[in-house]
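**Student:** Quick one: the structure is below, and I'll ask about it shortly.
The values are calculated or read from the model by the stated rules, or taken from the named source; none is laboratory data. The structure presented is a predicted model; accordingly, all values stated were derived computationally and were not measured. Methodologically, a virtual Cβ is constructed for each residue, glycine included, from the backbone with ideal geometry; neighbour enumeration extends over all protein chains shown. For accessibility, only protein heavy atoms count, side chains too; no ligands or nucleic acids. Shrake-Rupley method; radii C 1.70, N 1.55, O 1.52, S 1.80 Å.
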Amino acid sequence: MIKNYVFAAAAAGVFAASGAHAADLPVAPEPVDYVRVCDAYGSGFFYIPGTETCLRVGGGMRVEFRFRDFADDGNTAWGTRDGNATTTRARAYVRFDSRTNTEYGLLRTYVDLWFTGDSGGSTTPAVTLWNGFIQFGGFTFGRAESFFDFYTGDNWGSIIQQGFSDHRTNLFAYTYGFGNGFSATLSLEDATFVRNGAANYGGHKAPDLVANLRVDQGWGSAQVMGALHQANGKGSTVGAPIVDSEIGWAIGAGVTFNAPMLAPGDTISFQAAYADGAVRYVHEAAILSDFVGLSVTNLETTTGWGIGGGITHHWTPTLSSALTANYASFENDQGVLADVDADQWGIQGNLVWSPVSGFLMGVELEYQNTDVKVGGVSADDDDLVGIFRVQRTF
């Protein structure tokens, strides 16, 4: 019996020692999925751990001091006690760009959020979805710049529009690439984002149909574009409801030339457009509405055309200037009522210093003249504003 007890004790000691040594053995660590750089789509992208999706997170901050309209002593900014002659703006940007290669082509999601705090505004910054879309193969779904838009100006256009079609909308589009930089796009776009004189419109019945042909090559880029837009009347200047509806339309063409012979990064651009019943495709801030109701069953569409261009020039690698000029003319023949004609022209110029990549400080002057004639009686207005901007983008 004593021998048995001794053997059992010895065996227990051996197993205990064996267990202790096993507990001391190192445990294999969990595999670590390190973040990998994704260079397939340019700098700044990385693989989301555990996936084949590349993501780029970017953003920026912009601060402006603004001198409001000082071209006319009688304006509301400088000519009255209540006008805000100087204002400020602080705006933050957050951008997410994810891309995945699939057997059907590129799958991309892009989100661009703006957070804006302006003088006299709410203490809570306004949040704007500037862009937010999904691309799959050649399709684009979401909020993006209209596929009619091409050249939108070389300057900031911070307060005064630069005089071209420049609007974002909700759209469903398909782009086909022919190769060698040539492409064609067909897009259905929410028409409410391009209505001018929205109070005259009835409900939204049909989206705008937009199409373009475009080329992007080493020398630059060019585009021809067209749009169909429903001018669906509701109200009338003579007090009667309108049951009439017309099909508005617009056409345009633009070209941008790279000009490295002047300086690296220089460009020269031109664009022209014509519209009938869809004037914001000519000028984003067109002074006349798309149409005027003449009777219960008759509305008169506004016609307009515009032309403009601009240049960006680098005086040195860190000092640059941009200049944009435009002219637009609109007309509405109101029959028994007084005809309305309007001319708008503007010019903008700036000087920008960029001492390091992604950072700039600059000043810009923006001027616009508007001349409206009603029955031959003219009303003229001048707008001149100045902006000092500091911006950091990453």
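**Student:** At a probe radius of 1.4 Å, what is the per-residue accessible area of Met61, in Å² to the nearest 10?
**Tutor:** Per-residue accessible area (Met61): approximately 80 Å².
**Student:** What is the extension gain from Ile247 to Asn170, computed as 0.36 nm multiplied by their sequence separation minus the C-alpha to C-alpha distance, in nm to one decimal?
**Tutor:** Values: separation 77, 0.36 × 77 = 27.72 nm, distance 2.01 nm.
Here the answer is 25.7 nm.
**Student:** Okay, next question. For Asp339 and Thr318, calculate 0.36 nm times their separation in residues minus their Cα-Cα distance, and state this gained length in nm to one decimal. Numbers along the way, then the final one.
**Tutor:** Numbers: separation 21, 0.36 × 21 = 7.56 nm, distance 5.04 nm.
Length gained between Asp339 and Thr318: 2.5 nm.
**Student:** If you don't mind, another one. Any chance you could run the full-extension gain for Lys373 through Ser357? It's 0.36 nm times the residue separation minus the Cα-Cα distance, nm to one decimal. Show your work: numbers first, answer last.
**Tutor:** Working: separation 16, 0.36 × 16 = 5.76 nm, distance 4.78 nm.
Result for the pair: 1.0 nm of gain on full extension.
**Student:** So, one more: Quick one: Cα centre-to-centre distance for segment 117-194 and segment 342-385, in angstrom?
**Tutor:** With segment 117-194 and segment 342-385 each reduced to a Cα centre, they are spaced 22 Å.
**Student:** Counting other C-beta atoms within 10 Å, and keeping those with at most 16, which DSSP coil trypsin sites (Lys or Arg not before Pro) do you find in segment 186-276? Mind showing how you got there, number by number?
**Tutor:** On the way: sites: Arg195, Lys205, Arg214, Lys234; in loops: Arg195, Lys205, Lys234.
Sites meeting the loop and neighbour criteria: Lys205, Lys234.
**Student:** By per-residue mean of other Cβ atoms within 10 Å, what is the highest-first order of 300-309, 271-280?
**Tutor:** 271-280, 300-309
**Student:** Taking the Kirkwood radius as the inverse of the mean 1/r across Cα pairs, report the Rg/Rh of segment 134-231. Could you put the intermediate results ahead of the total?
**Tutor:** Working: Rg = 14.6 Å, Rh = 14.7 Å.
Rounded to two decimals, Rg/Rh equals 0.99.
**Student:** Normalised by the residues of segment 251-394, what does the relative contact order come to in percent, with Cα pairs under 8 Å and at least six apart? Before the final figure, lay out the partial values.
**Tutor:** Values: 353 pairs, mean separation 22.4, N = 144.
Once normalised by length, the contact order is 16 percent.
**Student:** As a test of reading the structure, rank His283, His204, His314 by solvent-accessible area (1.4 Å probe, protein chains only), most first.
**Tutor:** His204, His314, His283
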